[in-house]
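Remarks on the structure that follows.
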Amino acid sequence: MTHTELEHGAPFCDNLVCALHVRARDAMVEGGGNWLTLPDGRTFGRSRFGETLLCDACGTRRGPVRLAGEPAQELYRRLARQ
């Protein structure tokens, strides 16, 4: 189960194009666990959907989560770094 724990390097959301595909070691990330609050006040949980851990938005197909002002090109650059 360590592959699903934030403290062991797992991403909060496994969807690569989601803004919540972050790890505890990434810049601007504080803490760990199954809840995340963005600076704009939005709060998301994460759950297992099948064999994948996704944020609530991606798991219920309302996602991927985007940050205000985040252009689509930045999402693709982030994917390229993965």
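The values are calculated or read from the model by the stated rules, or taken from the named source; none is laboratory data. All values reported here derive from a predicted model rather than from experimental measurement. Positions of Cβ are backbone-derived with ideal geometry, glycine not excepted, and every protein chain shown enters the neighbour counts.
The residue that is modelled with the lowest pLDDT, counting only those in the stretch 50-64 that are hydrophobic (A, V, I, L, M, F, W, C) and within 14 Å of P11 (Cα to Cα), is L53. Contact annotation: residue pairs with Cβ atoms under 6 Å, 6 or more positions apart or on different chains, pairing a residue in the stretch 15-40 that is farther than 16 Å from G63 by Cβ and hydrophobic (A, V, I, L, M, F, W, C) with a partner that is part of a loop (DSSP other than H, G, I, E, B) and modelled with pLDDT of 85 or more, are V29/V22. If you go through the stretch 4-24 and keep only what is modelled with pLDDT of 75 or more, farther than 16 Å from E51 by Cα and charged (D, E, K, R), you end up with just R23.
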